[in-house]
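Read through the structure below, which is laid out as structure tokens, and then see the notes.
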Amino acid sequence: MTFSVVIVAAGSGTRAGPGQAKQWRVLAGKPVLRWSVEAFLAAGAAEVVIVTTADGAAFLPRILEGLQGWRSTLGGATRALSVQAGLAALSERPDAEPVMIHDAARPFVSRNVILALLGALSDADLALPALAVADTLKRQATGEAAQTVSREHLWRAQTPQAARRDTLIAAYAAWTHGDPTDDAQVVEAAGGRIALTAGDPLLTKLTYPEDFAMAEHLAGVARVTRVGQGFDAHRWGPGEEVWLCGVAIKHDETLVGHSDADAGLHALTDAILGAIGEGDIGDHFPPTDPKWKGAASDQFLKHAVDLVTAKGGALVNVDVTLICERPKIKPHRQAMRERLAEILSIPVDRVSVKATTTEKMGFTGRGEGLAASAVVAVETPA
């Protein structure tokens, strides 16, 4: 089932303490807003509309660099007006297509939560994730004694909240009761049926300064690290230069292959694809396709990185080993590290390039060819 998303990110977040609004702050090395955008795109969202301020719109290209499928629009003075602005900014899609309304201050939205909401819409007008109230509740007015309140049948509402596009638009158009606290209240007032799905404790809302300390801890729980490995080899042939790890090196031979035969980039591409379960380089760029004849291998590597990003993931570090008797790798190693860091969009201190020989043994030892191996660590949503 296809769906669209409206993320409300127009608030000032003053309760979160001094500094930037909470949606722009960095959480576990990544802006709070980016966590949600990556999660929705990885789950298959057709488009994501981010409702923000004029200042926020200026931040977005940097905060969401490398992500495709999002757009922004300006919000209103209240959350309800911002939601309506986001609905109006969606592209022309079927009226009955589900739309998810999400608060940017809840960064840890998961695929399971998203799929449960879509499933619940089969017999409901709006679905939302909710958690049962576990703590004992007390009510106390100023100057009065505290009283215990029953927590039976009480639930804590979370976002995203999902409904069909036409349902949401019609419900907001009919709303006349002031500023609603969430979208479910609006649909309920219009006579809609509300369904609760299993909430997620990780979907905590960042409101106060202490919430960020907790979220830093939760960020480690919400992500998993995957490891991939790759290997490639090419034989030597007539030529004047060789491409290795994206760097051209003058040499009396070249590596023979369908593309530019950059064994380092090929091994690294396979390692990344392996880490995210996306097959190997031949699946994406068949050597039988003349389109890739003589192609620069950096585009293969960029494609693999784009797939990681689309899954809401990020590269942690990469380690490439070149196996050959010649050419000498050490004089070019730093240039290779810098080129890989540029292609991968990660700091150079997360890139390692090493070289070794096989002590004259095997095809590399006899100078018949060159081999490369690579290992990568990729962090993705759990």
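Couple of notes before you dig in:
- Among residues of the range 108-151, those that are closer than 13 Å to Ala162 by Cβ and in a helix (DSSP H, G or I), counted: 8
- Checked against (1) part of a helix (DSSP H, G or I); (2) small (Gly, Ala, Ser); (3) more than 19 Å from Thr159 (Cα to Cα); (4) in contact with a strand residue (DSSP E or B) (Cβ under 8 Å, 6 or more places away or on another chain), Ser91 passes all but a single condition, namely (1).
- Candidate set from the range 228-260 (those that are without any contact (Cβ under 8 Å) to a residue 60 or more places away in the chain and polar (S, T, N, Q)); member that is least open to solvent (accessible area, probe 1.4 Å): Ser259
- Tabulated pairs, the range 275-302, first without any contact (Cβ under 8 Å) to a residue 40 or more places away in the chain and on the phi > 0 side of the Ramachandran plot, second surrounded by 19 or more Cβ atoms within 10 Å (Cβ to Cβ) and of a type in the set (Asp, Glu), C-beta under 8 angstrom, 6+ apart or interchain: Gly294/Asp260
- Filtered residue count, the range 275-287, keeping only those that are open to solvent by 40 Å² or more (accessible area, probe 1.4 Å), within 16 Å of Val227 (Cβ to Cβ) and in a helix (DSSP H, G or I): 0
- Val224 vs. criteria assigned to a helix (DSSP H, G or I), within 23 Å of Leu64 (Cβ to Cβ), open to solvent by 10 Å² or more (accessible area, probe 1.4 Å) and of a type outside the set (S, T, N, Q): no
- Filter result for Ala263 (in contact with an Asp or Glu (Cβ under 6 Å, 6 or more places away or on another chain) and open to solvent by less than 60 Å² (accessible area, probe 1.4 Å)): yes
- Applying the criterion of being open to solvent by 70 Å² or more (accessible area, probe 1.4 Å) and not small (Gly, Ala, Ser) to the residues of the range 172-184, the residue that is nearest to the chain's Cα centre (by Cα) is Thr181.
- Condition met for Glu65 (open to solvent by 60 Å² or more (accessible area, probe 1.4 Å), farther than 23 Å from Asp182 by Cβ and within 15 Å of the chain's Cα centre (by Cα)): yes
The values are calculated or read from the model by the stated rules, or taken from the named source; none is laboratory data. All values reported here derive from a predicted model rather than from experimental measurement. Quick reminder, even Gly has a Cβ in these numbers, built from the backbone with ideal geometry, and neighbours come from all protein chains shown. Just the protein is used for accessible areas: all its heavy atoms, side chains included, with ligands, DNA and RNA removed. Shrake-Rupley method; radii C 1.70, N 1.55, O 1.52, S 1.80 Å.
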